[in-house]
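To start, the structure under review is shown below, and the notes come after it.
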Amino acid sequence: MDDPASLESVSGDRVGRLLQQARAQADPEGFLSFDRWMELVLYAEGLGYYSRPRSPFGPTGDFYTAPQVHPLFAASFAERILGVRVQLGPERPFTLVEIGPGDGTLLAGIVARLGPQLDPGQDVRIVLVERSTPLRSAALLRVREAARPFGLRVSTAESVAALGPFEGVIVTNELLDALPVRRLRWDGSAWRELGVRFGPSGIRADQGPPADPVSGPPLPTAPPDGTVFEFSPAAEGLVREIADHLVAGVWLLDDYGMDEDELLQAHPDGTLATVRHHRSGADPLADPGETDLSTFVNWSRLRSVARAAGLEPIGDRSQAETLGAWGFPRLFEEALARAGSSEAEVRLRLSVKNLLFGFERFRILEWAPVGRAAGFRIPT
Ligand SMILES: C[S@@+](CC[C@H](N)C(=O)[O-])C[C@H]1O[C@@H](n2cnc3c(N)ncnc32)[C@H](O)[C@@H]1O
């Protein structure tokens, strides 16, 4: 496997099999909608970007997420989760779920901070819902390791629905931006579906038939001709699934996005982005399965879906503001006091600067089941 030629043929074979699967799903004219393309190239079992044995995170991967910048990020989440647990009543069964934990860095960091503050024998379960097989294994190992000293139960689940109704906290970090999106273009009189087209000379980006009807909030009406609009039925389905199963507690949701008006104005060509080895690419069809694809979250649409499904907002601030409200300044002071050397102190300050100012477009939203939110709100 060290021979570059054999590596190339393995990856070539993988791309070939991905393309075959995509071709099989295309319509008789060779057209496949973008959400189905994105679903395959990111998640096809054993073939998609997140199914590869190589980790997408960190210096040797393609991108960093906030939990990888510094453990203070996870520590702040742990503070917030403890607060919710106190509100729910420490004697009650409590479930902490992370959906899309990737390699488990955030959840392991949370568990390491929560563990010492939970009494042994309390009914607490920690659950990972991660669809990538290699990442699920890595996360389970990491989180179990963090939970072992405290005797906490850690398991995996196929989905939130598989847990049945529960009380507790759901965490998602950079999950929604990685879910497949439909891309529509306004042609002056109707929305047309965008996607990929298979032809004799390969695949190309193309426009398909008029878009199928959209469930949920209505599409924007009559934007400038050529406007591209992205939305994620998968993300909206997940919101509904969470609303149906989180009986009491809070969903803490960190991601980047914009409100719909701002998206249409600032990104009339859409927000689809590709990244590989920490560089963005120009062609979203290049290197299928080797390149990450993501889009901005449409906050307006998701808020509306959440409300209709029975979730109400109890927090909606920038990542930096939310961390501040969750105790970040005190945690930072404590970490500084423990730094031990001026070099460690400088490193800590740089990481904190990155956490607070490097995730500009990120917001942390907090949603709770309607009617069960009162005690969970943190004053601004
Ligand atoms: C951008 S990564 C973020 C990973 C991690 N939360 C972090 O911040 O480092 C998105 C993760 O969500 C996972 N994922 C995507 N769709 C999912 C779904 N429907 N259920 C569970 N995990 C999912 C992916 O496999 C991937 O691990």
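Laboratory data are not the source of any read-out in this text; all were calculated from the coordinates shown. All figures in this text were calculated on a predicted structure; none of them were measured in a lab. Counting neighbours? That spans all protein chains shown, and the Cβs are built from the backbone with ideal geometry, glycine included.
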**Asked** Once the Cα atoms of helix 105-114 and of the chain are each reduced to a long axis, what angle between those two axes, in degrees from 0 to 90 to the nearest 10, is obtained?
**Response** 20
**Asked** In µm²/s, what is D for the chain at 25 °C and 0.890 mPa s, where D = kT/(6 pi eta Rh) by Stokes-Einstein and Rh is the Kirkwood radius from Cα pairs?
**Response** 111
**Item:** Of all DSSP beta bridges in region 4-376, antiparallel share, percent nearest 5
**Value:** 60
**Request:** Report, by chain and number, residues whose modeled amide H sits under 5 Å from the one on THR65, excluding near sequence neighbours (fewer than 5 apart, same chain).
**Result:** GLY58
**Request:** With θ set to phi - 60°, apply the Karplus curve 6.51 cos²θ - 1.76 cosθ + 1.60 along region 277-287 and write out the HN-Hα couplings as whole Hz, x wherever there is a Gly or Pro.
**Result:** 6, 6, 10, 7, x, 9, 10, x, 9, 6, 6
**Computed label-point distance, nm, for sites ASP119 and TYR64 using a 7 Å Cα→Cβ extension** = 4.1
**Prompt:** Can you sort LEU82, LEU47 by how many other beta carbons sit within 10 Å, fewest first?
**Reply:** LEU82, LEU47
**Prompt:** Counting each DSSP H run of 4 or more residues in the chain as -39500 (n - 2.57), what helix-only mean residue ellipticity at 222 nm follows after dividing by all residues, to the nearest 500 deg cm²/dmol?
**Reply:** -11500 deg cm²/dmol
**Request:** Rank SER300, LEU82, TRP367 by how far each Cα sits towards the positive end of the charge dipole of region 4-376 (+1 on Lys, Arg Cβ; -1 on Asp, Glu Cβ) and give me just the farthest.
**Result:** LEU82
**Prompt:** Given the Cα-Cα distance of SER137 and HIS278 and 0.36 nm per residue of separation, how much length would full extension add, in nm?
**Reply:** 48.3 nm
**Message:** Give the separation of the Cα centroids, region 225-257 to region 340-369, in Å.
**Reply:** 24
**Item:** Label-point separation, ARG338 to ARG23 (7 Å along Cα→Cβ), nm
**Value:** 5.6
**Complete:** Between ASP287 and SER55, the two model label points (7 Å from Cα along the beta-carbon direction) sit apart by a distance in nm of 1.9
**Complete:** FRET efficiency for LEU219 and GLU158 from the Cβ-Cβ distance with R0 = 30 Å, rounded to 0.05, comes out at 0.45
**Item:** ASP206 long-range amide H proximity, modeled H, under 5 Å
**Value:** GLY195, VAL196, ARG197
**Prompt:** What are the residues whose amide H is under 5 Å from the amide H of ARG317, where those residues sit 5 or more places off or on another chain and H is modelled from the backbone?
**Reply:** ILE364
**Nearest 10 degrees, 0 to 90: helix 233-245 Cα axis against the chain principal axis** = 30
**Request:** Using only Cα atoms, find the angle between the long axis of helix 133-147 and the longest principal axis of the chain, and express it within 0 to 90 degrees, rounded to the nearest 10.
**Result:** 10
